[in-house]
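Have a look at the structure below, then the notes.
The values are calculated or read from the model by the stated rules, or taken from the named source; none is laboratory data. As the structure is a computational prediction, the values presented were derived from the model and not from experiment. In this analysis, Cβ positions are derived from the backbone assuming ideal geometry, glycine residues included, and neighbour counts consider all displayed protein chains. In case anyone asks, the SASA skips ligands and DNA or RNA and just uses the protein heavy atoms, side chains included. Shrake-Rupley method; radii C 1.70, N 1.55, O 1.52, S 1.80 Å.
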Amino acid sequence: MTDMTLRQWLLTDAPTSRRHARLASFYKGWLSLRSNSMAMFGLGILVVLVLAAALAPLLAPHDPFAQDLANRLQPLGSEGHILGTDSLGRDILSRLIYGARITLYIVALVALIAPAAGLLVGTVAGYAGGWVDIVMMRITDIFLAFPRLVLALAFVAALGAGIENAVLAISLTAWPPYARMARAETLTIRSSDYINAVRLQGAGPIRIITKHIWPLCISSLIVRVTLDMAGIILAAAGLGFLGLGAQPPSPEWGAMISEGRRFILDHWWVATVPGLAIFTVSLAFNLLGDGLRDVLDPKEGGQ
Amino acid sequence: MAATDTQTKGRVRAPLAPWLKGTATTLLSICVTMLGLLFVTFIIGRVMPIDPVLAIVGERASQSTYDAVFLELGLDKPLLVQFGYYIWDVLHGDFGDSLLNARPVSEDIARVFPATMELATLGVLVGIFLGVPLGVIAAVRRGSWIDQIARVVALVGYSMPIFWLGLMGLLVFYGILGWVGGPGRLDIFYEDIVPARTGMILIDAALARDWDVFRNAFSHIVLPASLLGYYSLAYISRMTRSFMLEQLSSEYVTTARVKGLSERQVIWGHAFKNIRVQLITVIALSYANLLEGSVLTEIIFSWPGIGSYITTALLSADMNAVLGGTVVVGLIFICLNIFSDLLYRVFDPRSK
C-alpha cells in the first residue's frame, strides 16, 4: 500500500515543493529508462563492475600479484583458475577483478575533469561574449582539430608514463566538445527572460553562471559523458597497451592484453579475456548512454 | 551585410565576393589552428624532463661542448624567439635530427608515411563501399533485420578496442586458418624486389608488373586494412543512415513517390543525391580518424608506418621524432577537416 502511495506521490501532476517536483521528474525519467531493455542491460553490467571493484578483496580467489611460476599459462577452466593464469602464473580472474578498480578510477577522473573544464570554458565564453568568447572558442577549436590519441601520446611522452598522466592526457584531449556544447546552451539561455529577471534582482555574472546556467547544462553534459565513457576506456586501454598508462605489475586491462600479446598464438586466452572485459564495459556505457539520451535529450535521439 | 558590400562594387562580381570572404576566413582559421598546433608541440618539447643538450652530446661531454650545442640550439634566446625559430624550421620541413639514428626526422617521416597512407586509404575504401550501401538500406528498411545488423555493427565498432580485435584477427586468420600473411608488409623473401617508386608496395608492385609481390603484399595488408575499414564502416554507415532518414522524411520524396517514380529512382536518384555532400564530409573525417587509428593497428601488425614510428620514438625518448610525427599527423588532420569544410561550402548551394 505504501508503495502505491509513494508512486502516486511521485507521479502527481501538482508537486507541492521544489524537491517534490525534482524527485517526480527524476522518477518519470527512471520509468522511461527502465522500459529500455538495452539500457537496463548496460546499467546492469556497470552495477556488476562497480560491485566487483568495491568487493575485489572478497571476490578475487587469489592475490592478483602473487606469482606462481609452476602454474604459468594454465588454460581456461583449470583447477582453481577459472580463467587460467598468465605468464607469471598469476590468476587472470583475480587480476580482472582488481583491474576493474583501475578502469573505474580512470573513467571517474576523466569524467570529472573534462566536462568540468569544458563547462567552465563554455559557459564563461558564452556568457561573456565578445573577445573572451572569440579567444576561448579559437583555443577550443585548436584542441578539437588535434588527432586525440596522437596528442595524448605526445603529452604522456612529455609528462612520463603512469595512470595519473594518462588521465591528464586523455582529459586534455577530451574537454573541447563539452566546451562547445556548454557554450551553445549558454547562448540560448543567456537571453531568456528569467535570466534578465535574476539580473534585475542584482545577481552578478558568477551567480548567474553557477546557479542559473550550469544546472540547465548538466543533463546534456551527462548524456555526452556517458556516451564518451566508452571512448575514454578505449583510449586508456590503448595507452596501457602501449606501455604508457598503468605500469606493470598493475592489473590494468590494456596492459594485460599487451602482456598476453607475446603468447597469442599458443596461449590465446591471456590476451583474449581482458579484451572481452574492455569490450563488455564499453558496450555497457554505449547502451546506457543511448538510453539516457532518449530520456534526457529527446530532440537528439529518436532518429 | 555581404549584399550591401557587393551592391556598391557592381553586379558582375556579386556572386564571387561572399565566397572569397568565406575562403579568406577559412585560410585565416587554418593559419591560426596550425600556429596553435605548433605552439602546443613546442610547449610539450619544452616541458620535457629530458635535457635536449645532454641528449645530443651525452653525459661525458665537456662543458665547452655542452655550451656550444646549447648556443647552437638557440636555448639562450627568449622562449618567444625560440618559438619563432621553431616555426621557421617547420615551415622549411625541418623537424630536427632523430636522436636515435642522427638522420633528419623529415626524411624518416617521408620514408614511413606511404605505408600508413596505403593502409588508411585501403581501409577507408572498405568503409565506403560497405558502409554507404549498408547505411542507405538500413534507412530505407528502417526497423528491419538489416537495420538491426547495421546497428549492432556500429555498436560493436564503437565498443571494441581496435588493438584487441587486431590480435584476435591475427590469431584466427593467420595463426589458426593461415588465410592471410602475418605481421609486416611482405614476407622476407619478397622484400626489396620491386623498386620503391611511391613507397606503397601494392602500387609499386603493380607498376613493376610483379604480381607475386603484389599478391604477397595484398595478403599482408588485407587484415589490417579490413580492421581499419570496419571502424570507418561503423561510423560511415551510422551517419549515412541518419542523413538518409532525414531526406526520406522530407516532402519532395513524397512528391516523387506520388509522381509514380520507382522506389529505386526515389532513393538513389533523389534522396541519395542530396546527401552526397554530407557524405564527403563524413568520409574525409573518417579518413583523418583512420590515420590516427592506425597508430595502434600498426603496432599490432608490425606495420612500419608513422604510428609505429611515433611509438618507437616515444619509448626511446626521441623527442624530435615524436613531435615531428605529431605535427605531420596533426597537419594532415587539420587539412582534411578544412578540405571537407571547403567541399561543403563549394557544393552545397544553400551555404552560398
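As I understand it, the value is the acute angle between the Cα axis of helix A:163-190 and the longest principal axis of the Cα atoms of chain A; what does it come to in degrees, rounded to 10? The answer is roughly 20 degrees. Just to verify a number: FRET efficiency for A:Ser32 and A:Leu216, C-beta to C-beta distance, R0 = 22 Å, to 0.05? It comes out at approximately 0.65. With a cut-off of 12 Å between beta carbons, the residues surrounding B:Ala234 carry a summed charge of +3, where Lys and Arg count +1 and Asp and Glu -1. Whole-Hz Karplus values for the stretch A:44-59 come out as x, 4, 5, 4, 4, 4, 5, 4, 4, 5, 5, 9, 3, x, 7, 7 Hz, taken residue by residue from phi with 6.51 cos²θ - 1.76 cosθ + 1.60 and θ = phi - 60°; glycine and proline positions read x.
Averaging the sequence gap over all C-alpha pairs within less than 8 Å and six or more residues apart, then dividing by the number of residues, gives chain B a relative contact order of 24 percent. Against the main long axis of the alpha-carbon atoms of chain A, helix A:214-241 sits at an angle near 20°. Please give the total accessible area that chains B and A bury against each other, computed with a 1.4 Å probe and expressed in Å² to the nearest 100. Approximately 3800 Å², summed over both chains.
For the stretch B:197-290, the list of trypsin sites (Lys or Arg not before Pro) that fall in a loop by DSSP and count at most 14 other C-beta atoms within 10 angstrom reads B:Arg197, B:Arg209. An oblate overall shape is assigned to chain B, the ratio a/c of its alpha-carbon gyration tensor axes (a ≥ b ≥ c) being 1.5 or greater and a/b not exceeding b/c.
The modelled label-to-label distance for the pair B:Cys335/B:Cys31, using points 7 Å beyond Cα in the direction of Cβ, is 1.9 nm.
The stretch A:219-298 and the stretch A:189-207 have their alpha-carbon centroids 42 Å apart. Here the relative contact order of the stretch A:174-303, from alpha carbon pairs under 8 Å that lie six or more residues apart, stands at 22 percent. Taking a ≥ b ≥ c as the square roots of the eigenvalues of the Cα gyration tensor of the protein assembly as shown, is the shape rounded (a/c under 1.5), prolate (a/b larger than b/c) or oblate? Rounded is the answer for the protein assembly as shown, as its axis ratio a/c remains below 1.5.
Dividing the convex hull volume of the alpha-carbon atoms in the stretch B:117-263 by its residue count gives 152 Å³ per residue. Take the Cα of B:Arg111, step 7 Å toward its Cβ, do the same at B:Ser64, and the gap between the two points is 3.5 nm. At a threshold of 50 Å², the residues of the stretch A:136-183 that become less accessible to a 1.4 Å probe in the full protein assembly than in their chain on its own are A:Arg138, A:Ile142, A:Ala145, A:Phe146, A:Pro147, A:Leu149, A:Val150, A:Leu153, A:Ala154, A:Ala157, A:Ala158. For the stretch B:287-352, the Cα-based Rg and Dmax, in that order, read 15.7, 51 Å. The reciprocal of the average 1/r between distinct C-alpha atoms defines the Kirkwood hydrodynamic radius, which for the stretch A:170-303 equals 17.8 Å. Once the Cα-Cα distance is subtracted from the 0.36 nm per residue extended length, the A:Leu55 to A:Ser25 segment shows a gain of 7.5 nm. Quick check: the angle from helix A:92-128's long axis to the longest principal axis of chain A, C-alpha only, nearest 10 degrees? Here the helix axis deviates by roughly 20 degrees. Cross-link partners of B:Lys77 among aspartates and glutamates, defined as those whose alpha carbon lies under 15 angstrom from its own and excluding same-chain residues fewer than eight positions apart: B:Asp67. Remark: mean inter-chain Cβ contacts per residue of B:31-37 equal 4, using a 10 Å Cβ-Cβ cutoff to other protein chain atoms.
Over chain A, accessible surface divided per residue gives 47 Å², non-protein components excluded, 1.4 Å probe.
The calculated FRET efficiency for B:Glu263 paired with B:Gln148, based on their beta-carbon distance and R0 = 22 Å, is about 0.55. Based on the alpha-carbon gyration tensor of chain A and its eigenvalue square roots a ≥ b ≥ c, which shape applies: rounded if a/c is under 1.5, prolate if not and a/b is larger than b/c, or oblate? Because a/c hits 1.5 or more and a/b fails to exceed b/c, chain A counts as oblate. Summing charges over all other residues whose Cβ lies under 12 Å from the Cβ of B:Val213, with Lys and Arg as +1 and Asp and Glu as -1, gives -3. For chain A, relative contact order (Cα pairs under 8 Å, six or more residues apart, normalised by length) works out to 22 percent.
For the protein assembly as shown, the Cβ-based charge dipole about the Cα centre amounts to some 2940 debye (Lys, Arg positive; Asp, Glu negative; other atoms uncharged).
The heavy atoms of A:Leu73 present about 20 square angstrom of accessible area, all protein chains included, probe 1.4 Å. If R0 is taken as 22 Å, the Cβ-Cβ distance between A:Met40 and A:Thr280 corresponds to a FRET efficiency of 0.90. Applying a length cut-off of 30 Å (Cα extent along the axis) and a mean Kyte-Doolittle floor of 1.6 to the DSSP H helices of chain B leaves B:319-347.
Here the accessible area of the stretch A:106-261 is 68 percent carbon and sulfur, with a 1.4 angstrom probe and all protein chains present. The chymotrypsin sites (Phe, Trp or Tyr not before Pro) found in the stretch A:189-253 include none that occupy coil by DSSP while having at most 16 further C-beta atoms within 10 Å. Cα centroid separation, the stretch B:74-101 to the stretch B:121-173: 43 Å. Bridgeable aspartates and glutamates around B:Lys259 (alpha carbons under 16 Å apart, same-chain partners fewer than 8 residues away excluded): B:Glu251. Counting charges near B:Val194 (Lys, Arg +1; Asp, Glu -1) among other residues having Cβ under 11 Å from its Cβ returns a value of -3.
Distance from the C-alpha centroid of the stretch B:279-327 to that of the stretch A:61-131: 24 Å, rounded to the whole angstrom.
Under 5 Å from the amide H of A:Ser78 lie the amide H atoms of A:Gly84, each residue being 5 or more positions distant or on a separate chain, with H modelled from the backbone and absent for Pro and chain starts. Please check which bits of the stretch A:204-233 a label hung off A:Asp193 would reach, taking the label as a point 7 Å along Cα-to-C-beta and the cut-off as backbone N under 18 Å. No residue qualifies, since no backbone N sits under 18 Å from the label point.
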